[in-house]
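Data block below; observations after.
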Amino acid sequence: DESTARLYSLGNISLNGFFALKIFDLSDPANPTLLANHNNLDNNNIGYVHDAYVKDNIAYLNCGFDGLYVMDFSNATNPVVLGSMTDYPQAGYNHSGWPSEDGAYYYFADEDHGFDVKAVDVSDFSDMTITSFFDAGPQTAATSIPHNQVVTGNYLYVSYYYDGLQVYDLTDPANPE
């Protein structure tokens, strides 16, 4: 999180088990300071965080089979769950995602064969709603797997295991083309 000079380290494994995430203060980049060490994100049923997008202390956590969580880490040692999606169509291994530049939508993918990318209205974290599902088009095979997403300007770039790079127009952010 460049805006707060924090590093979020995910999927950490220790001798005593794993920690969902660690947070480091990078105010002095040569001497990072550990701010928090979260195991199971303090009993919020978030056992593993595979990937995250964090800006201004708000973290979109892609939690594998536990779904999507949005948390406020303003207080690094006492985060607050703002919302979650744990039961949704085509739920699988929630791998990664990226918000639209205005923050109104979040695009994420479950890393499973034949699953679509999801556009989610996140204007209200307590009531997040999938607005559309989309894939690599008519050539998409049942083996297709979306992997990583990045939003730049009005475009969503999605890398697929078998379908290469696909670029989607976000002119209508609820229904990418």
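The values are calculated or read from the model by the stated rules, or taken from the named source; none is laboratory data. Keep in mind it's a predicted model, so treat the numbers as computed, not measured. When we count neighbours, we look across all protein chains shown, and the Cβ atoms used for this are built from the backbone with ideal geometry, even at glycine. Note: accessible area is taken over every heavy atom of the protein model, side chains too, but ligands, DNA and RNA are not part of it. Shrake-Rupley method; radii C 1.70, N 1.55, O 1.52, S 1.80 Å.
Can you tell me how many residues within the stretch 136-151 are open to solvent by 20 Å² or more (accessible area, probe 1.4 Å) and either touching a strand residue (DSSP E or B) at 6+ places or on another chain (Cβ under 9 Å) or under 19 Å from Thr86 (Cβ atoms) (or both)?
The total comes to 5.
Criterion first (modelled with pLDDT of 95 or more and either within 16 Å of Tyr53 (Cβ to Cβ) or open to solvent by 60 Å² or more (accessible area, probe 1.4 Å) (or both)) does Tyr162 satisfy it?
When the stated conditions are applied, Tyr162 does not pass them.
Working only within the stretch 79-97, note down all residues that are of a type in the set (S, T, N, Q), surrounded by fewer than 19 Cβ atoms within 10 Å (Cβ to Cβ) and under 14 Å from Ile145 (Cα atoms).
Selection gives Gln90 alone.
Residue-wise test of (1) open to solvent by 30 Å² or more (accessible area, probe 1.4 Å); (2) at pLDDT below 95.
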| position | (1), (2) |
| --- | --- |
| Phe19 | yes, yes |
| Ser27 | yes, no |
| Asp66 | yes, yes |
| Thr77 | yes, yes |
| Pro99 | no, no |
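Of the numbered conditions (1) closer than 27 Å to Met71 by Cβ; (2) surrounded by 12 or more Cβ atoms within 10 Å (Cβ to Cβ), Asp169 satisfies every one except a single condition; which is it?
(1)
Tell me yes or no: at least one residue of the stretch 114-135 is modelled with pLDDT under 90 and either exposed (fewer than 14 other Cβ atoms within 10 Å of the Cβ) or of a type outside the set (A, V, I, L, M, F, W, C) (or both).
yes
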